[in-house]
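Student: Could you have a look at this structure, given as structure tokens, before my questions?
The values are calculated or read from the model by the stated rules, or taken from the named source; none is laboratory data. This one's a predicted model, so the numbers in the text were calculated from it and none came from an experiment. Cβ placement follows ideal geometry from the backbone for every residue including glycine, while neighbour counts extend to all protein chains displayed.
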């Protein structure tokens, strides 16, 4: 989004596998240009996983990937899409849960090169990922539970269309003054152009 991250960070650490991970999220603070990540399971003959990267400021889904395996490739692909959508010099705080995929060396390699700081949830603290959890709940209600999918390609296509065509461009959110994510970003840039 080309915004400066406006926040006071709280520093809470969690030790996992002998390494300390910081939770830099304070949900009482309003963030700009901040990204959340999470994953979701979609059912239709087998289990599929969807990883997303969501901009907390605008609620826009800026990266996503779908795979039949919950592995590092899944979250790397979502992250790479998000990186393509962010201005190169923008500093970003990327928050996730403590899953193995989010601690993998391959995944973390792209952080430094792309000006990304890692933040992780505290153990047993689901509220840190509220934005992502809300997105997945909305996706289930508005899309997944509305129809039956026969093939992986069908569900993948439906999710792509939902995110790209409906969720980011049309769907209004009460937390962003009833704008769509794209509309909210446009409003910000219109109001903050020099």
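Student: Condition first: surrounded by fewer than 19 Cβ atoms within 10 Å (Cβ to Cβ) and either in a helix (DSSP H, G or I) or at pLDDT below 80 (or both). Now tell me which residues in the stretch 90-103 satisfy that.
Tutor: 90, 91, 97, 98, 99, 100
The rows are residues; the columns are (1) without any contact (Cβ under 8 Å) to a residue 24 or more places away in the chain; (2) over 11 Å from the mean Cα position of the chain (by Cα).
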| site | (1), (2) |
| --- | --- |
| 50 | no, no |
| 54 | no, no |
| 62 | no, no |
| 74 | no, yes |
| 80 | no, yes |
| 92 | no, yes |
| 96 | no, no |
| 102 | no, yes |
| 105 | yes, yes |
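Student: Only residues in the stretch 115-136 that are part of a loop (DSSP other than H, G, I, E, B) count as the first member; pair them with residues that are surrounded by 15 or more Cβ atoms within 10 Å (Cβ to Cβ) and modelled with pLDDT of 80 or more, Cβ under 7 angstrom, at least 6 apart or cross-chain, and list the lot.
Tutor: The qualifying pairs are 115/92.
Student: Another one. Being closer than 16 Å to residue 57 by Cα and either under 18 Å from the mean Cα position of the chain (by Cα) or not in a loop (DSSP other than H, G, I, E, B) (or both), is that true of even one residue in the stretch 142-160?
Tutor: no
Student: Here are some conditions: (1) in a helix (DSSP H, G or I); (2) modelled with pLDDT under 85; (3) closer than 20 Å to residue 82 by Cα. Residue 106 meets all but one. Which one does it not meet?
Tutor: Answer for residue 106: the failing condition is (2).
Student: Given the conditions (1) at pLDDT below 85; (2) closer than 12 Å to residue 114 by Cα, which single one is not true for residue 84?
Tutor: Failed condition: (1).
Student: Next up: Sort out which residues of the stretch 141-150 are loosely packed, with under 14 Cβ neighbours inside 10 Å and either touching a residue at least 12 places away in the same chain (Cβ under 8 Å) or touching a strand residue (DSSP E or B) at 6+ places or on another chain (Cβ under 7 Å) (or both), and write them in order of number.
Tutor: The answer is 142, 148, 150.
Student: Run residue 188 past the list (1) at pLDDT 90 or above; (2) part of a helix (DSSP H, G or I) and report the number of the one that doesn't hold.
Tutor: So residue 188 meets the others, but not (1).
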